[in-house]
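Have a look at the structure below, then the notes.
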Amino acid sequence: MNGPTDPETSMAAALDAAAASLLGIWESAREGTASRVSGAQLRAVMVVEQADGINLRRLATRLDMLLSSASRLCDRLVAAGMLERVPGRFDRREISLHLTPEARRLLAELRADRQEQLGAVLAEMSPEGRDALLRGMREFDEVGRRQQAHAAAALAEPTGQEGWPDGPDRPGGRPQPTDPGRQTRGAWAGSSSGDQERPAGPTRDWPAGGPPVARTA
């Protein structure tokens with residue numbers, strides 16, 4: 001239990017301690033936006049900036065929030081003039097999220113404040129230390145983004161519910177039949193108004209050979 005730790009663990013602990021000043025600068029700059037947006041709202045704005053046009057379901061996933069909570073969060077951001085919702089061209093239910101000019105100004109002010117405080121610290125460092133820090137942070141960022149992309153791809157893997165009607169911003173969905181040897185009687189009837197598809201008649205499961213021949217009484 002108390003044996004020597006591996007180099008990566010020791011480095012992670014040292015980096016965690018050394019990052020305190022950096023996180024302090026981040027928090028100090030964020031406090032300058034607290035009167036306009038909360039911490040959760042600022043995170044949502046940053047996600048939308050990174051993925052312009054993201055829909056509500058994906059935003060909730062990125063924020064690790066329930067869909068209903070993300071929806072309320074977006075409602076407040078829309079009311080504050082930070083986000084706008086744009087219906088899709090081909091499917092009006094597909095709502096995409098975009099930053100407003102006010103949100104972009106907020107992020108620009110936040111970053112300008114952060115960079116000013118970072119510059120004051122960097123000015124006291126040696127040229128060698130600044131160069132090493134920049135190289136290390138760039139590689140750290142590259143690896144971190146790659147790991148996040150892999151995690152997002154894993155979340156997007158098929159779950160067995162493909163092909164079933166489901167609105168893009170609606171949670172849930174219907175479970176897909178698990179027995180490929182069965183055929184389901186009844187066709188899916190669509191609607192030109194964009195309503196969710198539904199079975200045209202009662203559904204029964206028949207053996208793989210198909211439904212029995214109809215007989216008259």
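Brief remarks on what is shown
- Among the numbered conditions (1) of a type outside the set (F, W, Y); (2) open to solvent by 100 Å² or more (accessible area, probe 1.4 Å); (3) touching a strand residue (DSSP E or B) at 6+ places or on another chain (Cβ under 9 Å); (4) not in a loop (DSSP other than H, G, I, E, B), the only one that R93 does not meet is (4).
- For region 6-40, the set of residues classified as without any contact (Cβ under 8 Å) to a residue 60 or more places away in the chain and not in a helix (DSSP H, G or I) consists of D6, A19, A34, S35, S38, listed by residue number.
- Cross-chain or 6+ apart pairs with Cβ under 7 Å, region 119-146 first and without any contact (Cβ under 8 Å) to a residue 40 or more places away in the chain, then among the basic types (K, R): L122/R130
- Single residue of V86, V48 found to be assigned to a helix (DSSP H, G or I), under 22 Å from the mean Cα position of the chain (by Cα) and without any contact (Cβ under 8 Å) to a residue 60 or more places away in the chain: V48
The values are calculated or read from the model by the stated rules, or taken from the named source; none is laboratory data. On a predicted model such as this, the values are computed, not experimentally measured, just so you know. Note that we place each Cβ from the backbone using ideal geometry, even for glycine, and neighbour counts take in every protein chain shown. Remember, those area values only see protein heavy atoms, side chains included, never the ligands or the DNA or RNA. Shrake-Rupley method; radii C 1.70, N 1.55, O 1.52, S 1.80 Å.
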